[in-house]
Amino acid sequence: MAEGRFLSLFDYKTEKYIVAKNKRVGLLYRLIQLSILGYIIGWVFIRKKGYQETDEAIQSSIITKLKGVSVTNTSESGLLVWGPEDYVIPPQGEAVLFIVTNFLETPHQRLGHCAESIKVLDGHCRDEEDCEEGKMVVAGHGEMSGRCLRQDVNSTGTCEIFGWCPIERKFKPEGPLLKNAENFTIYIKNFIHFPKFSFSKSNVLETTNDSYLKKCRYDKEVSPYCPIFRLGDITQQAGYKFQDMATFGGSIGIMIRWDCDLDKGYDNCNPQYSFTRLDISHSNKTITTGFNFRHTRYFKNAAGESFRSLFKVYGVQFNIMVHGKAGKFSIIPTAINVGSGLALMGAGAFLCDMVLLYLMKKGDSYRERKFEVSGGQKTTPETNGVEDRSASAEQEKLTT
């Protein structure tokens, strides 16, 4: 038994072709072949461009500039004119930038002693022991002095702190102050490079006309190579109104995608823009909607004393993200995909064999003709080492 299994390792198997005269199985076989052929041609080669070598390691740089002016008039700040150097943070222009649309100012803060905010829980006190001297107030505004400031002995007060006084004003804005911000324009210059193909391009129109960028605005159909966008148009394409975001702020993603078929030439590699809001969920049940942070401006008076103005600014953060892929014909992926397609063709023959062997009434008859064992016979002039059977000497026809 074991010897027979060992010797079977040296058996050679060769294919035997049988023509089965069965229209249903023949139709199934052709349908499978056509489906596989359609998949290879339609999906692999036409849709997915399986004949190309690709490069997704895109190298990119972003340069941004903002233009626009707005005027505000508040009781704390008075009449102010806001230019790009005031409302763009950071001002040098990067892939992530913040545009101020609203603000709350706490002016003329000086270092000194004052009461902690009632909204800071760690600053509440009932007596002096609750305000340990030298201890920092958690989520507060300074260092405890050891005094508890309260109206009477029965009330809850707040600890006295050493910090920038008066502390920050706590109230919600009622509307955007930089109302003209939706008409500001952002200039997004993007350079990309695919190192595998040594291919580089920019999203700015290649022209010698110096006035082009001063007049154009981005339009997908009319001027796709004008990289100047109106802020109101960006938020609108993201599905939101700019004024609805301007009060409490928000975050917008600007996606630039480069899908470059280098077989079609340089002019067919074009940027595609898409816009989406990032600070809001689909359920809209979140307390984190909006975008704000704090920054300060420091001054000195005539006596040399330092003071500052604290700004809590609201606005729209823009995140510019660049993705891309380039493809070019190569014989290697073409050969691999063609070989894979030919291998899939064998699946049709295997499936039809299973149908004939196990699902048809005359499966036993087909099995007898498909699998034939040629034993070790003596070589004779008549047989020449192969068993002389009519079933293997000529192509057989099986009618099922």
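The values are calculated or read from the model by the stated rules, or taken from the named source; none is laboratory data. Please read all numbers here as calculations on a predicted model, not as lab measurements. Every residue, glycine among them, receives a Cβ derived from its backbone with ideal geometry; neighbour counts consider all protein chains shown. Side chains included, ligands, DNA and RNA excluded: accessible areas come from the protein's heavy atoms. Shrake-Rupley method; radii C 1.70, N 1.55, O 1.52, S 1.80 Å.
A few notes on this one:
- Surface share of carbon and sulfur [accessible, 1.4 angstrom probe, percent] for segment 1-62: 60
- Extension gain for the segment Arg257 to Glu368, taken as residue separation times 0.36 nm less the Cα-Cα distance, is 33.9 nm to one decimal.
- Each peptide among 64-71, 76-83 gets the average number of other Cβ atoms lying within 10 Å of its residues, and from highest to lowest they stand as 64-71, 76-83.
- Phi to ³J(HN,Hα) by Karplus 6.51 cos²θ - 1.76 cosθ + 1.60 over segment 267-272, Hz, x for Gly, Pro: 6, 9, 9, 10, x, 10
- Entry note, the chain: the mean residue ellipticity at 222 nm calculated from DSSP H runs of n ≥ 4, each adding -39500 (n - 2.57), is -5500 deg cm²/dmol after division by the residues and rounding to the nearest 500.
- Portion, in percent, of the accessible area of segment 273-367 that falls on carbon or sulfur, probe 1.4 Å: 61
- At R0 = 30 Å, FRET efficiency that the Cβ-Cβ distance of Arg277 and Leu121 yields, to 0.05: 0.40
- When each full DSSP H helix of the chain is screened for a Cα extent of at least 15 Å along its own axis and an average Kyte-Doolittle hydropathy of at least 0.0, the helices passing are 23-38, 331-354.
- Carbon and sulfur %, accessible surface of segment 196-250 computed with the full protein complex present, 1.4 Å: 48
- Mean projected area (nm²) of the alpha-carbon convex hull when segment 1-119 is viewed from all directions: 26.6
- Rg(Cα)/(2.2 N^0.38 Å) for segment 266-372, N = residue count: 2.67
- Computed from phi, the 3J(HN,Hα) profile of segment 222-229 under the Karplus parametrisation 6.51, -1.76, 1.60 (θ = phi - 60°) reads 7, 9, x, 9, 9, x, 10, 10 Hz, with x in place of Gly and Pro.
- The packing ranking, built from the mean of other Cβ atoms within 10 Å per residue, places the peptides 229-241, 155-167 in the order 155-167, 229-241, highest first.
- The residue among Leu262, Phe103, Asn203 whose Cα reaches farthest toward the positive pole of the charge dipole of the chain, with charges on the beta-carbon of Lys, Arg, Asp and Glu, is Leu262.
- Average accessible surface area per residue within the chain, 1.4 Å rolling probe, Å²: 63
- Rounded to the nearest 20 debye, the dipole size of the chain about its Cα centre is 1600 debye, using +1 on the Cβ of Lys and Arg and -1 on the Cβ of Asp and Glu.
- Extension reserve of the Arg297-His323 stretch, reckoned as 0.36 nm per residue once the Cα distance is removed: 5.6 nm
- Entries in Lys214/Lys328; Lys49/Lys189; Lys13/Lys49; Lys220/Lys264; Lys170/Lys300; Lys23/Lys370 that, when Cα-Cα distance is taken, lie over 27 Å: Lys214/Lys328; Lys49/Lys189; Lys13/Lys49
- Between the beta carbons of Leu80 and Lys189, assuming R0 = 30 Å, the FRET efficiency works out to 0.55 to the nearest 0.05.
- Segment 183-251 - Rg and Dmax from Cα coordinates, angstrom: 15.2, 47
- One chain, two ends: Asn337 and Asp219. Fully extended at 0.36 nm per residue, the span grows by 38.6 nm beyond their Cα-Cα distance.
- The percentage of C-alpha pairs in the chain whose separation is greater than 42 Å is 51%.
- Expressed in Å, the radius of gyration and Dmax of the Cα atoms of segment 117-232 are 28.3, 79.
- DSSP beta bridge pairing in the chain, given as percent antiparallel to the nearest 5: 80
- Relative contact order of segment 126-169, taken over Cα pairs closer than 8 Å and 6 or more residues apart, is 35 percent.
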